[in-house]
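Worksheet: one structure, shown below.
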Amino acid sequence: MSEMVPYNNNNNNENPEGEKGTKTLTRPKHKVTRPSLYKVILLNDDYTPMDFVVLVLVRFFRKTEQEATEIMLAVHNQGKGIAGVFPFEVAETKAMQCNQFAKHNNFPLKTVVEKDE
């Protein structure tokens with residue numbers, strides 16, 4: 001078995017810089033950044049009833065009836081409306097849920113996800 005060699009052969013507890021005592025090492029600080037945000041956008045079509053769009057906004061985006069109606073009118077008048085802004089995974093999940101719910105109810109309502117600027 002080999003003999004353990006001490007890090008420093010000095011018996012006076014000096015560290016490599018020649019200072020006595022113990023030196024505390026500090027960890028580098030990690031900068032925490034916020035995740036990028038993405039918009040969930042409802043697209044207008046000629047077949048989905050307005051009350052169904054309001055239902056989707058209330059159910060999946062927790063909008064009040066008033067907020068949902070305003071977004072629904074933006075979708076109807078401008079061709080699209082922002083349902084919400086979320087981190088990517090949340091936005092993607094909400095868009096998928098809306099698209100599946102619309103398809104299950106035989107409506108062509110579509111939602112897309114776009115990066116927020």
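Which residues, taken from region 97-117, are polar (S, T, N, Q), in a helix (DSSP H, G or I) and in contact with a Leu (Cβ under 9 Å, 6 or more places away or on another chain)?
Of everything in region 97-117, just one residue is polar (S, T, N, Q), in a helix (DSSP H, G or I) and in contact with a Leu (Cβ under 9 Å, 6 or more places away or on another chain), namely Asn99.
For region 63-91, give me each residue that is among the hydrophobic types (A, V, I, L, M, F, W, C) and not in a helix (DSSP H, G or I).
Passing the criteria: Ile82, Ala83, Val85, Phe86.
Residue by residue through region 48-70, note down the ones that are closer than 17 Å to Pro108 by Cα and either among the aliphatic types (A, V, I, L, M) or surrounded by fewer than 18 Cβ atoms within 10 Å (Cβ to Cβ) (or both).
Scanning region 48-70 gives Pro49, Met50, Asp51, Phe52, Val53, Val54, Leu55, Val56, Leu57.
State yes or no: is Phe60 more than 22 Å from the chain's Cα centre (by Cα) and either part of a loop (DSSP other than H, G, I, E, B) or closer than 23 Å to Glu114 by Cβ (or both)?
So Phe60 does not fit the description; no.
Which of the residues belonging to region 42-57 are hydrophobic (A, V, I, L, M, F, W, C) and in a helix (DSSP H, G or I)?
Across region 42-57, the qualifying residues are Met50, Phe52, Val53, Val54, Leu55, Val56, Leu57.
In this structure, does Phe88 turn out to be among the aromatic types (Phe, Trp, Tyr) and touching a Ser or Thr at 6+ places or on another chain (Cβ under 8 Å)?
It is true that Phe88 is among the aromatic types (Phe, Trp, Tyr) and touching a Ser or Thr at 6+ places or on another chain (Cβ under 8 Å).
Check Val5, Val32 and return the single one that is assigned to a loop (DSSP other than H, G, I, E, B), β-branched (Val, Ile, Thr), modelled with pLDDT under 70 and exposed (fewer than 10 other Cβ atoms within 10 Å of the Cβ).
The unique qualifying residue is Val5.
Please specify each residue of region 71-113 satisfying the condition of being surrounded by fewer than 13 Cβ atoms within 10 Å (Cβ to Cβ) and charged (D, E, K, R).
Glu89, Lys103, listed by residue number.
Given Lys39, Lys94, which one is in a strand (DSSP E or B), within 19 Å of Lys115 (Cβ to Cβ) and modelled with pLDDT of 95 or more?
Just one listed residue meets the conditions, Lys39.
The values are calculated or read from the model by the stated rules, or taken from the named source; none is laboratory data. No experiment lies behind these values; they were computed from the predicted model shown. Quick reminder, even Gly has a Cβ in these numbers, built from the backbone with ideal geometry, and neighbours come from all protein chains shown.
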